[in-house]
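Worksheet: the structure to be examined is printed underneath.
The values are calculated or read from the model by the stated rules, or taken from the named source; none is laboratory data. Quantities reported herein were computed from a predicted structural model and do not represent experimental measurements. Don't worry about glycine lacking a Cβ; one is built from the backbone with ideal geometry, like all the others, and counts go over all protein chains shown. Ligands, DNA and RNA are excluded from the accessible area calculation, which covers all protein heavy atoms including side chains. Shrake-Rupley method; radii C 1.70, N 1.55, O 1.52, S 1.80 Å.
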Amino acid sequence: MRSEQETAAAIDRHADMVRRLCLIHLKNQADSEDVFQTVFMKYVLSSAVFESEEHEKAWFIRVTINACRDLLRSFLRSRTVPLDELIDLPADAPSESREVLGAVLELPGKYRDVVYLHYFEGYTAPEIAGLMKKNVNTVYSLLARAKKLLKERLGGDEDA
């Protein structure tokens, strides 16, 4: 079990990333908060020793994605319908950012993950391949297809 100081430091470092990953996967603020708590509870109870800050970040990404998928697959979740499908975005986000984020959220899950990790978190394709346990060329293909879908949805020049 981790100390309170160690946990607080991890929350400071990774809270925004975990929250964004949850929102991208779940598209629901309440479920995102539940998974957020679950992820950090797993961290507190985990005895994993991290080799570096990047290793710790990768652990958080993997645990968050798995927790979101677990929630989406749960029996209760599959038997209910959300009251609203709208995305709760921060009020201070520029409309262009809202449009782009909305388009990313509408992508199928296999594209949404790689786009988020590449463009929002700055991971390279080989790093994403390691995190998601996929072939590097698969990640490149997913990024190219996602980029094409986003270009169709948002409109864009031919060079984008």
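Assorted remarks:
- Where P90 falls short, out of the listed (1) open to solvent by 40 Å² or more (accessible area, probe 1.4 Å); (2) at pLDDT 90 or above: (2)
- When region 105-160 is filtered for residues that are over 24 Å from L72 (Cβ atoms), open to solvent by 30 Å² or more (accessible area, probe 1.4 Å), in a helix (DSSP H, G or I) and not polar (S, T, N, Q), the ones remaining, listed by number, are P126, E127, V136, Y140, A144, K147, K148, K151, E152, L154.
- The set of residues from region 1-25 being in a helix (DSSP H, G or I), in contact (Cβ under 8 Å) with a residue 12 or more places away in the chain and more than 23 Å from G130 (Cα to Cα) comprises T7, I11.
- Extreme residue, least open to solvent (accessible area, probe 1.4 Å), among residues of region 51-66 that are part of a helix (DSSP H, G or I) and without any contact (Cβ under 8 Å) to a residue 40 or more places away in the chain: V63
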